[in-house]
Amino acid sequence: MDLLLVIYVLLFPGFLFLLAYGFLLQYLDRKIAARMQARVGPPLLQPVADFIKMLGKEVIDPAGVDRAAFDAAPLMALAAVMTAFLYIPIVGESPFAFQGDLVLVLYLLTLPTIALFLLGWLSRNVFSSVGGVRAVTMLFIYEVPFFLALLMPALMAGSWSISEIAGWQQEHGWFALLQPIGFVVGLIGLQAKLERQPFDIPEAETEIVAGPWTELTGRRLALMHLTMQVMLVAGSGLIAALFLGGPLLPWNISPAWLATIAGFLMFLGKTLLILVILASLKVATGRIRIDQLNDIGWKYLASATILQVGIVLLMDYIRVGT
Amino acid sequence: MPEVVLPIGPQHPALKEPVNFKVIVDGETIVGLELDVSYTHRGIEKAAEQRDFIRVIPLLERVCGICSHAHAQAFCTGIEEIMHLEVPPRAQYLRTIVAELERMHSHILWLGVAAHVVGFNTLFMWTWRDRETTQDILEEMTGNRMNYGMNEVGGVRRDLKPGQISSILSRLPKLEEQIGKYVGMVRGEETMLLRFRGIGKLSKAEALKYGTVGPTARASGVDYDIRRDDPSIAYAEVPWKVVTDTSGDVYGRTLVRIGELQESLGIIRYCLEHLPEGKIGIPAPKVAPRGEILSRYEAPRGELVHFIRTNDTDRVERLDIRTPTLANWTSVTVSLVNQNIADIPVIVAAIDPCLSCTSRITILSERGRRTAEMTWAQLVDHGQRFYRKWGRS
């Protein structure tokens, strides 16, 4: 059992699979976007090549920077998202599942944004500090609707465990159909969390160079890119588990090994579907301004989510009442 | 956050050419702006005085990479007027075709850049793909994608064969269709509307006060276009209309440019279909009589002015070029105040700045650390001392 657990964490479907799948998703993301924009796009191994090349590049310390903290922030962010991934059901229930792992995962997925803010603050660079402040400002805008939207399945399923919520949908149907507003808000929130268009405000190239990323070089930059890549996997896995039934099929498959393979394929299919939606959103939009995001976030996203909360409470009331 | 000075440029991802803004921001809002434009002084005006009328045109085409034909055009029409040359109509039509193709490729390029600065890279990629059509046509007509080398004093250097005309005409409908798509995207794409509407407002009174020209002025409701108000080459014979808009913001400037794209396409089609027979140029005398002329031409970015003074020799005594960007700069500093940091690139891009054409001179302090300004009297004094020293050595 212990050996199996070690294999689960380190090899499959743990870190090794996570990194490989992260590179694959990044490749697909770039390729899909490129084809939509009438470009050729990168070859399959380009993300890996980029990563290795960046690891080998010189690490430059900006004058007067706190080196230890500057080195630690990307590591902290990467560790957080990789840990978050372990609680997401991939081939069946996660072996680490416990009541409340949903809250833990949401917390861990917030840490990269905090790391970016720290990096921006530590960089002693105007562009970086403005970008860091933007990252945190944006966090306050999208985080409330995002959290509310992702907690609604927990409310309806009566469980705070991601794996159990996924299991609940096996009997009752996908939350994407039961809570469509929450699903849409969840996807938009994920796009904002990943700082992709139209929410790439903190790293807006034409305005503030690269925001908090400006002073990152070499392995720091590589690790931060890897963090975002892993977050894409973890985030889309989370949405897939909460709203699309995760790795579980609506019916039971008899041999356990076949169920595992089917579950894994379901996971791949669903995360790829989410990726295609996110990539299309990226291609179809420009970057909005932070004050406009503030308006949109609080006026529409938050109101829509509160509406969803009301609907869920009403549905629960009717269900319990009858 | 307290007030922060945000340096933009001389090297910055939003800028294609060197310029420096010192933007004073309070949080995300701009409260003040200092502008420093001259980083690429190339001494073209002075160099133009050293070359005869044949050799000066390739030089003038290199004032600007994008509107190279416009500079050659303004110069040639000026010199021809001094020499009292009657240029054959076929040459004038060919000049018009190249000029409008140039306007089209410039405006399509601008649309892509404007989309890029608001992070809408899809439109950027699409426009630049379609811009290849105009570039291909220009290459077939003139031999070059840029710096066409088409104009000379007295006419043009290359003719169009009937086969070429029909080949160009057959490619125009596809381009027209694509431009129609851009109109739909600009009017309908929500994030672009959010970033373009109401940004960089410039009222008609302000546009006139700060002397803006071209699409920047026309978007503020100033109905002014040199092609109609002081027509040269074939513009008086071609049916077309001046595109204006009243909104005065970046959105209006986009609409004006897209409208001009459609007008330009019409002009090109008309000129190709009604191309007169005849010669494509007449031999020009080597020497121009003494005279002064202010030659104006509507470049893609606005009114381009060449002041030419000749003195019975084969070269100009003085050439002064006022590029449209120089006329539009002051309006940027006005329309930026009280806007958001995020809007700086959009507002700057909206005048379609062509910075290196604008640069005249920069004065550096001895150690090269600071730039300074000179008054007119100081400049004259400096010039006299410089040439006196030069003459002695």
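The values are calculated or read from the model by the stated rules, or taken from the named source; none is laboratory data. Here the structure is a predicted model, which means the values were calculated and not measured. With ideal geometry, Cβ positions are generated from the backbone for all residues, glycine too; neighbour counts draw on all protein chains shown.
Inside segment B:195-251, can you point out the residues that are β-branched (V, I, T) and assigned to a helix (DSSP H, G or I)? Can you show your working first?
Going residue by residue through segment B:195-251, those that are β-branched (V, I, T) are B:199, B:212-213, B:216, B:222, B:226, B:233, B:238, B:242-244, B:246, B:250.
If the condition is that a residue be β-branched (V, I, T) and assigned to a helix (DSSP H, G or I), then B:T216, B:I226, B:V250 are the ones that fit.
With the requirement that a residue be closer than 30 Å to B:V153 by Cβ, surrounded by fewer than 19 Cβ atoms within 10 Å (Cβ to Cβ) and not hydrophobic (A, V, I, L, M, F, W, C), what does segment B:225-258 give you? Outline the logic, then answer.
Residues of segment B:225-258 that are closer than 30 Å to B:V153 by Cβ, as a first pass: B:225-240, B:242.
Next, only the ones that are surrounded by fewer than 19 Cβ atoms within 10 Å (Cβ to Cβ) stay: B:228-231, B:236-237, B:239-240, B:242.
Across segment B:225-258, the qualifying residues are B:R228, B:D229, B:D230, B:P231, B:E237, B:P239.
If I ask for residues that are part of a loop (DSSP other than H, G, I, E, B) and among the hydroxyl-bearing types (S, T, Y), which ones from segment A:281-322 would you list? Steps first, please.
Taking segment A:281-322 first, the residues part of a loop (DSSP other than H, G, I, E, B) are A:285-289, A:322.
Listed by number, the residues that qualify are A:T285, A:T322.
Looking at segment B:245-263, which of its residues are β-branched (V, I, T) and more than 18 Å from the chain's Cα centre (by Cα)?
First, the residues of segment B:245-263 that are β-branched (V, I, T): B:246, B:250, B:254, B:256, B:258.
The answer is B:T246, and nothing else.
Looking only at segment A:100-150, which residues are in contact with an Asp or Glu (Cβ under 8 Å, 6 or more places away or on another chain), in a loop (DSSP other than H, G, I, E, B) and at pLDDT 85 or above?
A:S123
Condition check: over 13 Å from A:Q191 (Cα atoms), away from chain B (no Cβ under 14 Å) and part of a helix (DSSP H, G or I). Does A:G246 satisfy that? Show your work before the answer.
Working: over 13 Å from A:Q191 (Cα atoms): yes; away from chain B (no Cβ under 14 Å): yes; part of a helix (DSSP H, G or I): no.
No.
From A:A135, A:A157, A:A166, A:A149, which residue is away from chain B (no Cβ under 11 Å) and free of Cβ contacts under 8 Å to residues at least 24 places away in the same chain?
Details: A:A135 fails: free of Cβ contacts under 8 Å to residues at least 24 places away in the same chain; A:A166 fails: free of Cβ contacts under 8 Å to residues at least 24 places away in the same chain; A:A149 fails: free of Cβ contacts under 8 Å to residues at least 24 places away in the same chain.
Going through A:A135, A:A157, A:A166, A:A149 in turn, just one is away from chain B (no Cβ under 11 Å) and free of Cβ contacts under 8 Å to residues at least 24 places away in the same chain: A:A157.
Can you tell me which residue in segment B:16-58 is surrounded by the fewest Cβ atoms within 10 Å (Cβ to Cβ), limited to those that are hydrophobic (A, V, I, L, M, F, W, C), in contact (Cβ under 8 Å) with a residue 60 or more places away in the chain and not in a strand (DSSP E or B)? Even if it seems obvious, please write down each step before you answer.
Filtering segment B:16-58 down to residues hydrophobic (A, V, I, L, M, F, W, C) leaves B:19, B:21, B:23-25, B:30-31, B:33, B:35, B:37, B:44, B:47-48, B:53-54, B:56-57.
When the remaining residues are screened for being in contact (Cβ under 8 Å) with a residue 60 or more places away in the chain, the result is B:19, B:21, B:23, B:25, B:30-31, B:33, B:35, B:37, B:44, B:48, B:53-54, B:56-57.
From the residues that got through so far, the ones that are not in a strand (DSSP E or B) too are B:19, B:37, B:44, B:48, B:53-54, B:56-57.
Numbers: B:V19: 24, B:V37: 21, B:I44: 19, B:A48: 23, B:F53: 23, B:I54: 12, B:V56: 23, B:I57: 23.
Looking at the filtered set, the residue picked out is B:I54.
Only one residue in B:L160, B:L101 is under 20 Å from B:P353 (Cα atoms) and more than 14 Å from chain A (Cβ to nearest Cβ), so which one is that? Lay out the reasoning, then the answer.
Numbers: B:L160 fails: under 20 Å from B:P353 (Cα atoms).
Checking each option against the conditions leaves just B:L101.
Could you please let me know if B:G119 is within 14 Å of chain A (Cβ to nearest Cβ) and on the phi > 0 side of the Ramachandran plot?
The answer is yes for B:G119.
Out of segment B:273-303, which residues are in contact (Cβ under 8 Å) with a residue 24 or more places away in the chain and either of a type in the set (K, R) or outside the structural domain of B:E260 (by TED's automatic domain parsing) (or both)?
Hits for segment B:273-303 are B:K279, B:K286, B:R296, B:R301.
Restricting attention to segment B:318-330, and to residues there that are within 26 Å of B:P231 (Cα to Cα) and not aliphatic (A, V, I, L, M), which single residue is modelled with the lowest pLDDT?
Taking segment B:318-330 first, the residues within 26 Å of B:P231 (Cα to Cα) are B:318-329.
Checking the rest, the ones that are also not aliphatic (A, V, I, L, M) come to B:318, B:320, B:322-325, B:328-329.
Working: B:R318: 86, B:D320: 87, B:R322: 86, B:T323: 86, B:P324: 87, B:T325: 85, B:N328: 85, B:W329: 82.
It comes out as B:W329.
I need the full set of residues from segment B:1-15 which are surrounded by 13 or more Cβ atoms within 10 Å (Cβ to Cβ) and assigned to a loop (DSSP other than H, G, I, E, B), in order please.
Once the filter is applied, which keeps residues that are surrounded by 13 or more Cβ atoms within 10 Å (Cβ to Cβ) and assigned to a loop (DSSP other than H, G, I, E, B), segment B:1-15 yields B:G9, B:P10, B:H12, B:P13, B:A14, B:L15.
Out of (1) under 25 Å from A:L265 (Cβ atoms); (2) of a type in the set (K, R); (3) touching a residue at least 60 places away in the same chain (Cβ under 8 Å), the odd one out for A:K57 is which?
Result: A:K57 fails condition (1) only.
If you go through segment A:236-248 one residue at a time, do you hit one that is closer than 23 Å to B:T122 by Cβ, under 15 Å from the mean Cα position of the chain (by Cα) and touching a residue at least 24 places away in the same chain (Cβ under 8 Å)?
Filtering segment A:236-248 for residues closer than 23 Å to B:T122 by Cβ gives A:236.
Keeping just the survivors that are under 15 Å from the mean Cα position of the chain (by Cα) gives A:236.
Remaining after also requiring touching a residue at least 24 places away in the same chain (Cβ under 8 Å): A:236.
Scanning segment A:236-248, I find at least one residue that is closer than 23 Å to B:T122 by Cβ, under 15 Å from the mean Cα position of the chain (by Cα) and touching a residue at least 24 places away in the same chain (Cβ under 8 Å), so the answer is yes.
Within segment A:14-54, track down each residue that is surrounded by fewer than 15 Cβ atoms within 10 Å (Cβ to Cβ) and part of a helix (DSSP H, G or I).
A:L16, A:A20, A:R35, A:A49, A:I52, A:K53
Within segment B:130-139, identify whether any single residue is away from chain A (no Cβ under 14 Å) and in contact (Cβ under 8 Å) with a residue 40 or more places away in the chain, and answer yes or no. Spell out the reasoning first.
So the first thing to find is which residues in segment B:130-139 are away from chain A (no Cβ under 14 Å), and the list is B:134-139.
Okay, now just the ones that are also in contact (Cβ under 8 Å) with a residue 40 or more places away in the chain, so B:134, B:138.
Looking through segment B:130-139, at least one residue is away from chain A (no Cβ under 14 Å) and in contact (Cβ under 8 Å) with a residue 40 or more places away in the chain.
Does at least one position in segment A:301-322 carry a residue that is under 30 Å from B:P345 (Cα atoms) and either within 14 Å of another protein chain (Cβ to nearest Cβ) or touching a strand residue (DSSP E or B) at 6+ places or on another chain (Cβ under 7 Å) (or both)?
Within segment A:301-322 (the criterion being under 30 Å from B:P345 (Cα atoms) and either within 14 Å of another protein chain (Cβ to nearest Cβ) or touching a strand residue (DSSP E or B) at 6+ places or on another chain (Cβ under 7 Å) (or both)), the answer is no, since none of the residues qualifies.
I'd like the full set of residues that are of a type in the set (D, E, K, R), in contact (Cβ under 8 Å) with a residue 12 or more places away in the chain and exposed (fewer than 15 other Cβ atoms within 10 Å of the Cβ), limited to segment A:280-322.
Hit for segment A:280-322 is A:D316, nothing else.
Just wondering, is there one or more residues in segment A:211-230 that are closer than 21 Å to A:G132 by Cα, in a helix (DSSP H, G or I), within 14 Å of chain B (Cβ to nearest Cβ) and of a type in the set (S, T, Y)?
Within segment A:211-230, not a single residue is closer than 21 Å to A:G132 by Cα, in a helix (DSSP H, G or I), within 14 Å of chain B (Cβ to nearest Cβ) and of a type in the set (S, T, Y).
In segment A:265-279, is there at least one residue being crowded, with 22+ Cβ neighbours inside 10 Å, more than 14 Å from chain B (Cβ to nearest Cβ) and outside any helix (DSSP H, G or I)?
The answer is no; no qualifying residue exists.
Considering (1) assigned to a helix (DSSP H, G or I); (2) over 24 Å from A:R319 (Cα atoms), say which one A:G167 fails and leave the rest.
(2)
Among the residues that make up segment B:362-379, is at least one of them surrounded by 10 or more Cβ atoms within 10 Å (Cβ to Cβ), of a type in the set (A, V, I, L, M) and modelled with pLDDT of 65 or more? Talk me through it step by step, then tell me what you get.
Step one: list which residues in segment B:362-379 are surrounded by 10 or more Cβ atoms within 10 Å (Cβ to Cβ), which gives B:362-364, B:371, B:374, B:378-379.
Checking the rest, the ones that are also of a type in the set (A, V, I, L, M) come to B:363-364, B:374, B:379.
Those still in the list that are modelled with pLDDT of 65 or more too: B:374, B:379.
Checking segment B:362-379: at least one residue is surrounded by 10 or more Cβ atoms within 10 Å (Cβ to Cβ), of a type in the set (A, V, I, L, M) and modelled with pLDDT of 65 or more.
Scan segment B:232-249 and tell me whether some residue there is in contact (Cβ under 8 Å) with a residue 12 or more places away in the chain, closer than 18 Å to B:V98 by Cβ and of a type in the set (K, R).
No, the conditions are met nowhere in segment B:232-249.
Could you look through segment A:162-206, keep only residues that are of a type in the set (V, I, T) and at pLDDT 85 or above, and pick out the one that is farthest from A:A84 (Cα to Cα)? Talk me through it step by step, then tell me what you get.
Residues of segment A:162-206 that are of a type in the set (V, I, T), as a first pass: A:162, A:165, A:181, A:184-185, A:188, A:201, A:206.
Right, trim to at pLDDT 85 or above and you get A:162, A:165, A:181, A:184-185, A:188.
Numbers: A:I162: 11, A:I165: 16, A:I181: 24, A:V184: 22, A:V185: 20, A:I188: 20 Å.
For segment A:162-206, the residue satisfying everything is A:I181.
Evaluate segment A:203-210: report whether one residue or more is outside any helix (DSSP H, G or I), away from every other protein chain (no Cβ under 14 Å) and crowded, with 23+ Cβ neighbours inside 10 Å.
So the first thing to find is which residues in segment A:203-210 are outside any helix (DSSP H, G or I), and the list is A:204, A:209-210.
Those still in the list that are away from every other protein chain (no Cβ under 14 Å) too: none.
Scanning segment A:203-210 turns up no residue that is outside any helix (DSSP H, G or I), away from every other protein chain (no Cβ under 14 Å) and crowded, with 23+ Cβ neighbours inside 10 Å.
Identify, by number, the condition in (1) within 18 Å of the chain's Cα centre (by Cα); (2) outside any strand (DSSP E or B) that B:G266 doesn't meet.
(1)
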